[in-house]
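Encoded as structure tokens, the structure appears first; notes follow it.
The values are calculated or read from the model by the stated rules, or taken from the named source; none is laboratory data. Keep in mind that what you see is a predicted model, and the values were worked out from it rather than measured. Cβ placement follows ideal geometry from the backbone for every residue including glycine, while neighbour counts extend to all protein chains displayed. Accessible surface is based on the protein model in full, side chains and every heavy atom, while ligands, DNA and RNA are left aside. Shrake-Rupley method; radii C 1.70, N 1.55, O 1.52, S 1.80 Å.
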Amino acid sequence: MAEDRYTTERDSFGRLLADREVWRQAGTIPAAGELTARWLEGRSEYQPGTFTPGFDAETKVIAGGLAELNRNSLFTRESQPGVLAEGHAQRAYVTGFCSAESASALLDLSTRTGLVTVAHAPGETSQASIPVTLWEDAVVTVLGSSEGPVSGEQLRDWTEEANETLALLLAESWYVEVFDPVWGRNGVLLPAVLEALTVGESGS
């Protein structure tokens, strides 16, 4: 009977504890990517660091593309589609953890496409402000900051949300941010990132 409660019990954020348990075993970027893909497909109600059972409505239009990236060496953390509307503008972007080889492949996008990649080496603490969301002429979202668990507090947070093995791995992984500089454009970013990752994998 003790095991049965995990099929329905939720944490204070509404996330399903049964889905949290599988994250205890995810010790590689591919494993974390697969679990993230399942969450994006609606087959999981737990994602480390996302304090809600599911993603927001905005992500629905890009969820399938993000799931593909997660199954191809990029453990995604944040993203948004391009939007261009009255008083609201967004650049499409995606961020995530990956290997040095994948980071190199994504950096190459900046040399042969109009997309921009910002890559942060393991342990790097950088702070920049690249606007990617505007609301009523105010900047509300920026890229350019490293997000790896480089401090003791961050490592503890990742350990609690997932497991210690994954926390330590992410501290030694590259963190990349890729965005489309054209405000409101969709349909370019995710396919290009996927192509870069798959070509990089086949060439390694």
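The table below gives the values:
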{"item": "Segment 12-65: number of residues that are buried (at least 18 other Cβ atoms within 10 Å of the Cβ), out of contact with any Asp or Glu (no Cβ under 6 Å at 6 or more places or on another chain) and aromatic (Phe, Trp, Tyr)", "result": "2"}
{"item": "Close pairs from segment 94-112: first within 24 Å of Ala63 (Cβ to Cβ), partner exposed (fewer than 15 other Cβ atoms within 10 Å of the Cβ) and among the aliphatic types (A, V, I, L, M), Cβ under 8 Å, at least 6 apart", "result": "Ala105/Val199"}
{"item": "Selected residue [part of a strand (DSSP E or B), within 21 Å of Gly64 (Cα to Cα) and not aromatic (Phe, Trp, Tyr)] from Thr133, Thr95, Thr198", "result": "Thr95"}
{"item": "Search result, residues across segment 66-85 that are in contact with an Asp or Glu (Cβ under 7 Å, 6 or more places away or on another chain) and over 16 Å from Glu195 (Cα atoms)", "result": "Arg77, Gln80, Pro81, Gly82"}
{"item": "Residues satisfying the stated conditions in segment 59-81, i.e. over 8 Å from the mean Cα position of the chain (by Cα) and among the hydroxyl-bearing types (Ser, Thr, Tyr)", "result": "Thr59, Ser73"}
{"item": "Looking only at segment 150-165, and only at residues there that are in a helix (DSSP H, G or I) and in contact with a helix residue (DSSP H, G or I) (Cβ under 7 Å, 6 or more places away or on another chain), the one that is surrounded by the most Cβ atoms within 10 Å (Cβ to Cβ)", "result": "Trp158"}
{"item": "Number of the condition not met by Ala162 [criteria: (1) farther than 17 Å from Thr95 by Cα; (2) modelled with pLDDT under 95]", "result": "(2)"}
{"item": "Residue among Val178, Val132 that alone is among the hydrophobic types (A, V, I, L, M, F, W, C), open to solvent by less than 10 Å² (accessible area, probe 1.4 Å) and touching a helix residue (DSSP H, G or I) at 6+ places or on another chain (Cβ under 6 Å)", "result": "Val178"}
{"item": "Test: residue in segment 62-84 that is touching a Cys at 6+ places or on another chain (Cβ under 6 Å), over 24 Å from Leu134 (Cβ atoms) and in contact (Cβ under 8 Å) with a residue 24 or more places away in the chain", "result": "yes"}
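Residues checked against (1) part of a loop (DSSP other than H, G, I, E, B); (2) crowded, with 19+ Cβ neighbours inside 10 Å; (3) acidic (Asp, Glu):
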| site | (1), (2), (3) |
| --- | --- |
| Glu101 | no, no, yes |
| Leu106 | no, yes, no |
| Ser110 | no, no, no |
| Gly148 | yes, yes, no |
| Ala167 | no, yes, no |
| Trp183 | yes, no, no |
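Every residue, every condition in (1) farther than 22 Å from Ser73 by Cα; (2) touching a Ser or Thr at 6+ places or on another chain (Cβ under 8 Å); (3) of a type in the set (Lys, Arg), yes or no:
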| site | (1), (2), (3) |
| --- | --- |
| Pro131 | yes, yes, no |
| Glu136 | yes, no, no |
| Val139 | yes, yes, no |
| Ser146 | no, yes, no |
| Leu155 | no, no, no |
| Glu160 | yes, no, no |
| Asn163 | no, no, no |
| Trp174 | no, yes, no |
